[in-house]
Amino acid sequence: MAASVNFAVGSLVWIEDPDVSWIDGQVLAITGDELKVQCTSDKTVVVKASSVYPKDPEFPSCGVDDMTKLAYLNEPGVLQNLKVRYDINEIYTYTGNILIAVNPFRRLPHLYDGHMMEQYKGAAIGELSPHPFAVADAAYRQMINDQISQSILVSGESGAGKTESTKSLMRYLAFMGGRSGNEGQSVEQKVLESNPVLEAFGNAKTVRNNNSSRFGKFVELQFDDRGRISGAAIRTYLLERSRVCQVSSPERNYHCFYMLCAAPPEDIKKFKVGSARSFRYLNQSECIELDGLDDPKEYLVTRKAMDVVGISAEEQDAIFRVVAAVLHLGNIVFAKGSEPDSSEPKDDDARKHLKIAAELFMCDEKGLEDSLCKRVIVTRDDVIMKVLDPVAATINRDALAKIVYSRLFDWLVNKINSSIGQDPDSKSLIGVLDIYGFESFKTNSFEQFCINLTNEKLQQHFNQHVFKMEQEEYTKEQIDWSYIEFIDNQDVLDLIEKKPGGILALLDEACMFPKSTNETFATKLYQTFKDHKRFSKPKLARNDFTVCHYAGDVTYQTEFFLDKNKDYVVAEHQALLSASKCSFVSSLFPPLPEESSKSSKFSSIGARFKQQLQSLLETLNATEPHYIRCVKPNNALKPAIFENANVLQQLRCGGVMEAIRISCAGYPTRKHFNEFIARFGILATNVSNLSSCDEVTACKNILEKVKLEGYQVDLNPLAFGPIIKMLCQMARHRFECLRREDACVKIQKYCRRFFARKSYNSMYSSAVCIQAGMRGMTARSDLLFRRKQKAAILIQSQCRRHLARLHYLKMKRSAIVMQCAWRGKVARRELRKLRMVSSSFLLFISFFLLKSVLLSNDSQLSLSSCISSHAWSVPLSSPFLTVFPPLKSALLSPMVHS
Ligand SMILES: Nc1ncnc2c1ncn2[C@@H]1O[C@H](COP(=O)(O)OP(=O)(O)OP(=O)(O)O)[C@@H](O)[C@H]1O
């Protein structure tokens, strides 16, 4: 399926990988039609060029919000885009007009609040991020502006997020078309509150989803001419009946059973229920409680929602009585009766449950027992009473439980519809379809067969519509589209539902013949369709058949096909419950019209379902469809896990890849002129007037230069068919060439620079070396000269110093001699003088000191008495008497401290 693209060494590509579906890598070498690719996982592989897809090297790191913006609209590109966006919690992406929603498995409340609704109000698709609100808004606007009914088809596998998306759509439509003010319980409130009621009775925990809707749903919102919701109708499809009696771990039965068992004590007493573990229909599975689901609370929520949708308290009681009766029915175990091949309640416990069930149904206990253990056979001549063995009685009991529950569910839907009310004058409507996606399990039974028929029908509708949309788009843009083709799955539909001769017709035929078995039915199929290219018989299976659906082959096991297709109420059950004293119970089994009970007209589930589908398709065909494809990123139901193979399979089954293929067959890619010139101008680098001419001429010049056909250039944006891949490839190739030229120039430049630098470095170092040598030589001779000069100066200075010193010493000696002679002479003269005054000077000093002492005021001082009598007191008195007046009183005592 890969495009025939010319790859070059260095091209980025996608190759198939068994683990991650597609892995990216780079072409290392090309040999003929084989490429050697270095993968990002580090392994190197050799692959055929035809199995390789080109990868956009300019792919934005946050992906693109519309797949048509991808340069390469191929499977790996689509997958990469979804993954990149999922990683940053961008769970919605457009593929043209289809919205792909990847389940985040974590609450993202900011995406759905009132502020968000305000933002999307009136915003054109593509103006804001992809969102269910945008789809709902587009549908609403189109309905108002064009007065055309709209439909939004939400599909995906179980757990992919259909119901959540549907709820968002309904909330938005209620927001847009709701009435303001207090007008009692408005239509939109009732529509929104119908969800919890239907979920309680029609949803259950399955392996694939903790809150799986076990029915398909089409909600039709009717609007008046002012765009307000004026009525609504809910249609449901194919409730899974078998779950009522059969459930295995880790699944659960319908939520309402567990809610009832967790009801407040007075209700438990009123409805005669007990622990959920005590009921056979519930305890077959280990799973009773469910994380995150508070059954007691849900019971109250459901009852409140029932109030809102207009179910009275009495009706609610009757509903839960029937639910309780179904639980008790399951506990009626049979044992062999006294008559041969007969049966009867096994023990007291079984009888107790029989009694309670009869009380809850308000019917006769014996009548209930008989309706379970006996069968009346009306022959042409007689009425025969046939007893049933315990196995048949058990099957009979389960059949009663299933029909009661299914009638109860239908009653609820009808009640909601009549309570909401239809608007016969409604001008237009918006239908929201939340329907099960394509299913393919290990064991596929009648339910899967019907589900896959639905998907085939919707796929055909989808293909036709996508094709039609493309055509309209091209017509609008004046693009020639006549050559576009798409695969029609009419042959599969013929195989299944053609009348006469289709599988469903053969099944009805088999159901009408009493002797038919699942084996004879399978044999009939093999004979009839042995040459049909969409039908095959698996080699080792005896009663299985395989249908080649658009989404893949599915092998169905014919076991139970006949039983599951039979749509009749056992006459005894009908008679018993229509005679119930409870008007609610009897209303579930209205008496059959006289002629229909008598006529042998056979009614089958398959035929009824086919009819329902037909009517659904008629409704859809009268509307403008919008598509939301929900994708479950992993089977662990955990956030942040994106399993490539899983997602890819769902994209294929959901027809997204087919839509892309149809798009690719036409002109899927749109590029505005400036965008085109920016991206592909590289292809016309030598077209000189590119920048001087206008955008259209520039685009034409580029396209003429590349000589490719398959584009429409007259309108902005330009439309491209598959040639966009070639253009991208050529641009990539050109880019590659330019890159290589550039690389060559760069290598040359670096080489030249290297050699030039090397030679320069060697010259430089030589020059430096020579310079250093020369400078060294000069410096050395200079040094020698300086040394010699210094030595000469030193010698001179030494000589001069020596001579000066001799002279100095001579002068010094002469001076000393002269000084000595002179000083001797002076000294001698002085000596003489000194000798003369020395004795008088000594006396003078002594008196002076004494006088100082005596003149002091210190009264404490006194002279010794002997001082006047001292030898020098006489000579002193005469020369110094004038200077120092005589003592007023004689020193009588020495000057001493007292
Ligand atoms: N947009 C969403 N945001 C947060 N959680 C989501 C979102 N969509 C789905 N989920 C989670 O996935 C679960 C399954 O979703 P949902 O019941 O809508 O699946 P479904 O496709 O209707 O399955 P089924 O066919 O079994 O009814 C939800 O219960 C919810 O936990």
request  = Select from the range 232-258 the residues that are closer than 12 Å to residue 327 by Cβ and not hydroxyl-bearing (Ser, Thr, Tyr) and list them in ascending order.
outcome  = 244, 245, 253, 256, 257
Entirely in the range 484-599, the helices (runs of 4 or more DSSP H) that have 2 or more residues that are in contact with a Lys or Arg (Cβ under 9 Å, 6 or more places away or on another chain), within 30 Å of residue 386 (Cα to Cα) and open to solvent by less than 90 Å² (accessible area, probe 1.4 Å) = 503-512, 518-528, 571-578, 583-588
ask   = Does the range 78-97 hold any residues that are open to solvent by less than 30 Å² (accessible area, probe 1.4 Å) and within 12 Å of residue 648 (Cβ to Cβ), and which are they?
value = 78, 79, 82
task = Pull up the range 101-116, narrow it to residues that are near the ligand (Cβ under 7 Å from one of its atoms), in contact (Cβ under 8 Å) with a residue 40 or more places away in the chain and open to solvent by less than 90 Å² (accessible area, probe 1.4 Å), then point me to the one that is nearest to residue 632 (Cα to Cα).
result = 103
ask   = So is residue 124 crowded, with 24+ Cβ neighbours inside 10 Å and either away from the ligand (no atom under 14 Å from the Cβ) or part of a helix (DSSP H, G or I) (or both) or not?
value = no
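Within the range 188-203, identify whether any single residue is part of a loop (DSSP other than H, G, I, E, B) and either at pLDDT 95 or above or surrounded by fewer than 23 Cβ atoms within 10 Å (Cβ to Cβ) (or both), and answer yes or no.
For the range 188-203, residues part of a loop (DSSP other than H, G, I, E, B) and either at pLDDT 95 or above or surrounded by fewer than 23 Cβ atoms within 10 Å (Cβ to Cβ) (or both): absent.
When you look at residue 613, is it outside any loop (DSSP other than H, G, I, E, B) and of a type in the set (A, V, I, L, M, F, W, C), yes or no? Step through it out loud before you land on a result.
Details: outside any loop (DSSP other than H, G, I, E, B): yes; of a type in the set (A, V, I, L, M, F, W, C): yes.
When the stated conditions are applied, residue 613 passes them.
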key: Checklist (1) on the phi < 0 side of the Ramachandran plot; (2) surrounded by fewer than 20 Cβ atoms within 10 Å (Cβ to Cβ) applied to residue 147, failing item   = (1)
request  = Sort out which residues of the range 136-165 are of a type in the set (Val, Ile, Thr) and under 18 Å from residue 123 (Cβ atoms), and write them in order of number.
outcome  = 144, 152
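Kindly establish whether residue 806 is touching a helix residue (DSSP H, G or I) at 6+ places or on another chain (Cβ under 9 Å) and open to solvent by less than 100 Å² (accessible area, probe 1.4 Å).
Working: touching a helix residue (DSSP H, G or I) at 6+ places or on another chain (Cβ under 9 Å): no; open to solvent by less than 100 Å² (accessible area, probe 1.4 Å): yes.
When the stated conditions are applied, residue 806 does not pass them.
For (1) more than 22 Å from residue 212 (Cβ to Cβ); (2) over 35 Å from the mean Cα position of the chain (by Cα); (3) open to solvent by 60 Å² or more (accessible area, probe 1.4 Å), each residue gets a yes or a no:
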position: 268; (1), (2), (3): yes, yes, no
position: 273; (1), (2), (3): yes, yes, no
position: 279; (1), (2), (3): no, yes, no
position: 307; (1), (2), (3): yes, yes, yes
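Listed here are the residues, each with its yes/no results for (1) among the hydroxyl-bearing types (Ser, Thr, Tyr); (2) within 16 Å of the ligand (Cβ to nearest atom).
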{"position": "553", "(1), (2)": "no, no"}
{"position": "559", "(1), (2)": "no, no"}
{"position": "566", "(1), (2)": "no, no"}
{"position": "577", "(1), (2)": "no, no"}
{"position": "604", "(1), (2)": "yes, no"}
{"position": "624", "(1), (2)": "no, no"}
{"position": "633", "(1), (2)": "no, yes"}
{"position": "643", "(1), (2)": "no, yes"}
{"position": "656", "(1), (2)": "no, yes"}
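At pLDDT 95 or above, open to solvent by 40 Å² or more (accessible area, probe 1.4 Å) and not basic (Lys, Arg): which single residue out of 293, 300, 329 fits that description?
Details: 293 fails: at pLDDT 95 or above; 329 fails: open to solvent by 40 Å² or more (accessible area, probe 1.4 Å).
Of 293, 300, 329, the one residue that is at pLDDT 95 or above, open to solvent by 40 Å² or more (accessible area, probe 1.4 Å) and not basic (Lys, Arg) is 300.
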task = Output the number of the condition that residue 41 fails; it satisfies all remaining conditions of (1) part of a loop (DSSP other than H, G, I, E, B); (2) touching a residue at least 60 places away in the same chain (Cβ under 8 Å); (3) under 24 Å from residue 649 (Cβ atoms); (4) open to solvent by 30 Å² or more (accessible area, probe 1.4 Å).
result = (2)
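Can you name the strands (runs of 3 or more DSSP E) wholly within the range 361-473 that have at least 1 residues being over 30 Å from residue 496 (Cα atoms) and open to solvent by 40 Å² or more (accessible area, probe 1.4 Å)?
Numbers: elements: 374-378, 383-387, 428-436.
Because the criterion is at least 1 residues that are over 30 Å from residue 496 (Cα atoms) and open to solvent by 40 Å² or more (accessible area, probe 1.4 Å), the strands (runs of 3 or more DSSP E) in the range 361-473 that meet it are 374-378, 383-387.
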key: Members of the range 135-179 found to be aliphatic (A, V, I, L, M), within 16 Å of the ligand (Cβ to nearest atom) and outside any loop (DSSP other than H, G, I, E, B), listed by number   = 135, 136, 152, 153, 154, 169, 170
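The values are calculated or read from the model by the stated rules, or taken from the named source; none is laboratory data. All values reported here derive from a predicted model rather than from experimental measurement. Note: ideal-geometry Cβ built from the backbone for every residue, glycine included; neighbour counts use all protein chains shown. Just so you know, the surface numbers come from the protein's heavy atoms only, side chains and all, with ligands and any DNA or RNA stripped out. Shrake-Rupley method; radii C 1.70, N 1.55, O 1.52, S 1.80 Å.
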